[in-house]
Structures are given as C-alpha cells and as structure tokens.
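The values are calculated or read from the model by the stated rules, or taken from the named source; none is laboratory data. The model shown is predicted, which means the values in this text are computed figures rather than measured ones. A quick note on method: Cβ atoms are made from the backbone with ideal geometry, for glycine too, and the neighbour counts reach across all protein chains shown. Accessible surface is based on the protein model in full, side chains and every heavy atom, while ligands, DNA and RNA are left aside. Shrake-Rupley method; radii C 1.70, N 1.55, O 1.52, S 1.80 Å.
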Amino acid sequence: YSDPLGGFALALKQPSLLRLEQELNKLLTYAHKEPITSDMVSLLVPDDRQAIALSITDSLSKKNRTELFALLEGYYKDADGADETGKTLALVGLLSEQFRSQLIVKDSIEQRLTEAEVLSQTGWKPGKLFVMKRLAGSFTVQQLRDVLGKLESLDVELKSTTTPPRVVLELILAQMV
C-alpha cells in the first residue's frame with residue numbers, strides 16, 4: 001500500500017467529501033503539476049490534533065457534555081501509536097494554548113484594545129481572533145485562569161506520577177460543562 005499523501009487520508013477521522021476535495025485541491029495547486037510530497041502535506045494540511053483541541057474547547061463553550069466526551073473518546077481511540085499519557089500531555093498542551101488565547105482576548109477587551117492592536121501584538125490572523133473572541137465569551141476570566149491552573153497541575157502530575165491521565169483530564173473538563 002502506497003500512501004502518497006503521507007498519512008493525510010488517515011488523519012481525517014470522518015472526512016467529509018467536501019473537506020477532502022478542498023484539501024486535495026489546495027495540495028494540487030501548491031504542487032503545480034509536481035508530485036505531492038509529505039512535506040507539502042505537513043505544510044498545508046491542518047494538524048488534526050489542533051482541530052480536535054478547538055472542537056473540545058468549542059464543546060466546552062457550548063456546555064455540551066455529550067459532544068465533549070464523544071470528542072475525547074474519539075481522540076483516545078485514535079490508533080496513532082501514542083500511549084495514553086503521551087496523548088494526554090499533547091492534548092493538555094493544545095488545550096492550554098486555546099485557553100491562554102481566550103485569556104489574551106478577555107484581557108484585550110478589558111484594556112479596550114482594537115482588533116488591529118490585538119492582531120499586531122499576537123501575530124494572529126483575523127480568523128483566529130474571531131474564533132477566540134467567540135469562545136472566550138462563554139467563560140469568565142476566573143474560569144479561564146482556573147482551568148489553566150488545573151491543566152498546568154495535570155501536566156506536572158503526569159510527568160511525575162502514575163495517576164490515570166485520561167480520567168484526571170476528563171474530570172477537569174467535566175467541571176467546565
């Protein structure tokens with residue numbers, strides 16, 4: 001079995017045909033009649049783990065417990081070869097980035113910064129700022145600080161103990177919905 005897309009097709013958990021077509025067209029345009037390489041895929045195709053972290057954050061913002069646990073179940077069932085601790089550490093890092101970004105947005109609103117100032121200071125694209133503003137609207141500053149503190153503690157604990165990582169992460173996230 002030859003996989004010219006470097007695992008791209010497998011990275012899409014339940015790919016919609018539209019998404020698959022969009023990603024393939026993007027790759028074909030970039031390759032400009034050259035063979036598509038795994039480097040091109042890495043450069044152009046979004047990291048599925050980041051998409052999962054964003055989806056988890058979105059389900060938390062909507063207070064949708066069913067969706068949250070379905071996303072977590074799918075994440076842990078993914079057969080990428082990583083162990084539960086490794087997967088949890090990766091997800092904790094990605095979720096921490098999401099919540100830090102939301103905290104930045106909340107802080108910028110309190111400081112009455114313009115969107116242009118926030119984009120300039122963060123280096124974000126307007127789309128990311130839009131999404132972070134929408135997500136941040138569902139949480140208070142204190143909630144964001146609390147979850148970041150808990151994720152930091154979990155990160156330290158995972159690196160120094162044998163506590164079941166998935167259970168602890170799920171308990172932390174369940175408190176938010």
### Task
With a 1.4 Å probe and all protein chains in place, put TYR76, TYR30 in order of accessible area, largest first.
TYR30, TYR76
### Task
Note down the relative contact order for the chain as a percent, whole number, built from C-alpha pairs under 8 angstrom at least six residues apart.
25
### Message
Sort 160-168, 101-109 by packing, meaning the average of other beta carbons within 10 Å per residue, with the highest value first.
### Response
101-109, 160-168
## Note on the structure
Note to self: with every protein chain in place and a 1.4 Å probe, the stretch 32-173 gives an accessible area per residue in Å² of 57
### Task
Can you figure out the FRET efficiency of LYS26 with ARG145, using R₀ = 45 Å and their beta-carbon distance, to the nearest 0.05?
0.75
### Query
Relative to a virtual label point 7 Å from the Cα of VAL167 in the Cα→beta-carbon direction, which members of the stretch 77-108 show backbone nitrogen distances below 15 Å?
84-85
### Query
What does the helix-only formula give at 222 nm for the chain: each DSSP H stretch with n ≥ 4 adding -39500 (n - 2.57), the total divided by the residues, and the result rounded to the nearest 500 deg cm²/dmol?
-22500 deg cm²/dmol
### Task
Pull out the extension gain between SER153 and TYR76, defined as 0.36 nm times the separation in residues minus the alpha carbon to alpha carbon distance; nm, one decimal.
25.6 nm
### Message
Quick check: Cα centre of the stretch 82-97 to Cα centre of the stretch 118-177, how many Å?
### Response
12
### Message
Quick check: at a probe of 1.4 Å, how many percent of the accessible area of the chain sits on carbon and sulfur atoms?
### Response
55
### Summary
One point scatterer per Cα, no solvent, Debye formula: log10 I(q)/I(0) for the chain at q = 0.17 Å⁻¹ comes out as -1.16
